[in-house]
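Participant: One structure, as structure tokens, below. Some questions next.
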Amino acid sequence: KIGDALQNLKTAKLFPDYRKHIPSIRNMEMDDDDVIICAFAKSGTHWLWEMASMLRSGKADYHGKEKTSAMFEFIPGEVLRVSPKPRIYNTHFAPQCLPKQAFDKKCKILFLQRNPKDVLVSLLPFLQGYNFIDSTIKWEEFISKYMELEVESSLLNWFYYTRQWYEFLKEGHDNIYCLSYEDMKDDPVTEISKLAKFLEVEANSDLVKDIAVKCSFQNMKQAASSKQETFAINNKELAKKITNFTYRKGEVGDWKNYFTVAVNEKFNARSITSDNDIVTIDLGGTPIQCL
Ligand code: A3P
């Protein structure tokens, strides 16, 4: 009953307190130099978090342990508000749940996207790793039900999340910078330099190169496994398990090992909208139409 399980999973189970936090996040006070990283789960949030944190601190040292305590889903606005500066928040929230002041002030928002097919391949082990869905569920069953997912959850439903964000981006917000996982993978040095420019931080070429090396998939995985840099968790077994699905493969195009031709066609064609407004995402390959 994976379909029911997905529909019923709702976001409450993924992030138990997140609903409780939305009002305080919406109304929290922001400073001009606050940064918010926004991405659908499994789009490379940890990766961008490290890059941005290293740029902001001017040192290629890992900041992974601080990520969870800077996440809107976990921490109320009044606590985040008094956390040490410079602040980089991160969230999987839809844009309408972000702090209102983020748009009145000069806060910088990073919107990260990844090919949704790779996102979904990455999402299944994540959901199973946290026991959100049964570990016996096979990929084929998961993807076929996922494509029918209707639940209006920005934390679970990529189609819904992307739709919300694209509507929002159409309004035109000059404090939002869009990045893609694929570009970061293709040329990390260039992407880090561009990010430094948007964040208005000084970063010479040595620092940019050091950050690119420190933020390679292998190095981040190694740091997370050996020094537990990423997870502030005392339970070693659990930390190991989480590390393994948080740093699973780190590749572009792994979806080709999972999507059959039929599933791929169905995925590309998903364009069910109430107003016939089809969002097309050009990720460099076949444009993907989605809700
Ligand atoms: P895969 O499961 O495809 O390997 P998030 O941080 O948003 O949870 O995203 C996790 C995904 O980003 C995982 O994808 C993970 O391997 C990948 N990832 C994490 N760090 C990375 C890095 N330094 N370089 C490339 N991919 C990375």
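Participant: How many residues are acidic (Asp, Glu), over 23 Å from VAL213 (Cα atoms) and either assigned to a loop (DSSP other than H, G, I, E, B) or within 13 Å of the ligand (Cβ to nearest atom) (or both) if we restrict to segment 25-82?
Facilitator: Residues that pass the stated criteria total 6.
Participant: Taking segment 139-188, which residues are among the aliphatic types (A, V, I, L, M) and assigned to a loop (DSSP other than H, G, I, E, B)?
Facilitator: Result: MET147, LEU149, VAL151, LEU155, LEU156.
Participant: In segment 63-78, which residue that is without any contact (Cβ under 8 Å) to a residue 24 or more places away in the chain and surrounded by 20 or more Cβ atoms within 10 Å (Cβ to Cβ) is farthest from the chain's Cα centre (by Cα)?
Facilitator: Among them, the one singled out is ALA70.
Participant: Mind listing just one residue for me: the one in segment 168-185 that is more than 23 Å from ASP34 (Cα to Cα) and in contact (Cβ under 8 Å) with a residue 40 or more places away in the chain and, of those, most open to solvent (accessible area, probe 1.4 Å)?
Facilitator: Checking each candidate, the answer is LYS185.
Participant: While we're looking at this one, here's another question. Would you check which residues across segment 116-146 are polar (S, T, N, Q) and at pLDDT below 90 and list them?
Facilitator: If the condition is that a residue be polar (S, T, N, Q) and at pLDDT below 90, then GLN128, ASN131, SER135, THR136, SER144 are the ones that fit.
Participant: Here are some residues: ASN131, ASN90. Which one is under 30 Å from MET147 (Cβ atoms) and more than 16 Å from the ligand (Cβ to nearest atom)?
Facilitator: None of the other options fit; the residue is ASN131.
Participant: Among ALA223, ALA196, which is the only one that is within 16 Å of the ligand (Cβ to nearest atom), open to solvent by less than 50 Å² (accessible area, probe 1.4 Å) and farther than 24 Å from LYS117 by Cβ?
Facilitator: ALA223
For every residue, the table says whether it meets (1) at pLDDT 90 or above; (2) touching a Cys at 6+ places or on another chain (Cβ under 8 Å); (3) closer than 21 Å to LYS194 by Cβ.
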{"residue": "ILE2", "(1), (2), (3)": "no, no, no"}
{"residue": "LEU6", "(1), (2), (3)": "no, no, no"}
{"residue": "PRO16", "(1), (2), (3)": "no, no, no"}
{"residue": "ARG19", "(1), (2), (3)": "no, no, no"}
{"residue": "ILE22", "(1), (2), (3)": "no, yes, no"}
{"residue": "GLU29", "(1), (2), (3)": "yes, no, no"}
{"residue": "TRP49", "(1), (2), (3)": "yes, no, yes"}
{"residue": "ASP61", "(1), (2), (3)": "yes, no, no"}
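The values are calculated or read from the model by the stated rules, or taken from the named source; none is laboratory data. Just so we're clear, the structure is a prediction, and the values are computed from it rather than from any experiment. As a convention, Cβ positions derive from the backbone with ideal geometry for all residues, glycine included, and neighbour counts pool all protein chains shown. Just so you know, the surface numbers come from the protein's heavy atoms only, side chains and all, with ligands and any DNA or RNA stripped out. Shrake-Rupley method; radii C 1.70, N 1.55, O 1.52, S 1.80 Å.
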